[in-house]
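Here is the structure we will look at.
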Amino acid sequence: MNIVRVGKGLRLLSLAASLGAVAAHAADPADADARKAQAEREARAAISRAEAAKGSEKQDSARRAAEIAARQKAEAAARANAAHPDETPREITLTLDTPFAADANQLSDDARQALMQLAKHAQSRRLVGPIRIEGHANEPGTDEYRMSVAGHRADLVRDFLAAQGVAAEQIETIASPVRTWTPPAVCDAETSRAAADTQCDNPGSSVVTVIHLLECNTP
């Protein structure tokens, strides 16, 4: 009886072991999939870390290159200033009043000479912004008429400067409605003043030309 029981026990143990082996074998694919997924996650994480490190290195290299370029530029400017301390450019403004007699529609000889000198300045230095020519007119009449006269005079100055070699696209003209001389109130009443009353004589007007230039501080 004991032998039989032992034999049954052995058979039961053998059966249990076989079932355990089957269960272990069935669990192996799931474990393999889990290990594979874990390996893929670790690989992706490693690639992300490598790319981040590479991007950081590029940013550091770009920053260092910018710092070197800025330092070299500053050093070059310092050397230039040391070699030519009196040639630092400064901005200057030239203003020229070109007078026009009453009812005049052409430039006088004196105005031409002054404008020729102004043109030489404009061509020998670097301009800062456009050349501004503002025409005025003090002639009697409506504002529209004075604007027309002022614009024509400004155009005369512009055309003369362009003829001297100044680029026309660097010139802008403006017809100003502002009078540079206001006649006394008595001048509006023609019958209330004598014909020889000089206080009512139109003194003429001017065209104002303004140029901004860069000039070196040379002695």
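The values are calculated or read from the model by the stated rules, or taken from the named source; none is laboratory data. Source: prediction; values computed, not measured. We place every Cβ from the backbone using ideal geometry, glycine too, and count neighbours over all the protein chains shown.
Here's the yes/no breakdown for (1) touching a residue at least 60 places away in the same chain (Cβ under 8 Å); (2) within 30 Å of Asp201 (Cβ to Cβ); (3) in contact with a strand residue (DSSP E or B) (Cβ under 7 Å, 6 or more places away or on another chain):
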site: Asp109; (1), (2), (3): no, yes, no
site: Leu118; (1), (2), (3): yes, yes, yes
site: His121; (1), (2), (3): yes, no, yes
site: Arg132; (1), (2), (3): yes, yes, yes
site: Glu139; (1), (2), (3): yes, yes, no
site: Ser148; (1), (2), (3): no, yes, no
site: Ala163; (1), (2), (3): no, no, no
site: Gln170; (1), (2), (3): no, no, yes
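Pairs are defined by a Cβ separation below 7 Å, a sequence spacing of at least 6 or placement on different chains, a first member in segment 59-84 that is in a helix (DSSP H, G or I), and a second member that is at pLDDT below 75 and basic (Lys, Arg); no pair meets this definition. Looking at segment 131-181, which of its residues are within 34 Å of the chain's Cα centre (by Cα), surrounded by fewer than 18 Cβ atoms within 10 Å (Cβ to Cβ) and not in a helix (DSSP H, G or I)? Within segment 131-181, Arg132, Gln164, Gly165, Ala167, Glu172, Ile174, Pro177, Val178 qualify.
Residue check: Arg90 meets all listed conditions (1) assigned to a loop (DSSP other than H, G, I, E, B); (2) surrounded by fewer than 12 Cβ atoms within 10 Å (Cβ to Cβ); (3) not β-branched (Val, Ile, Thr) but one, namely (1).
Exactly one residue out of Gln123, Gln117, Gln113 is more than 14 Å from Thr98 (Cβ to Cβ), at pLDDT below 95 and either assigned to a helix (DSSP H, G or I) or of a type in the set (Val, Ile, Thr) (or both): that is Gln123.
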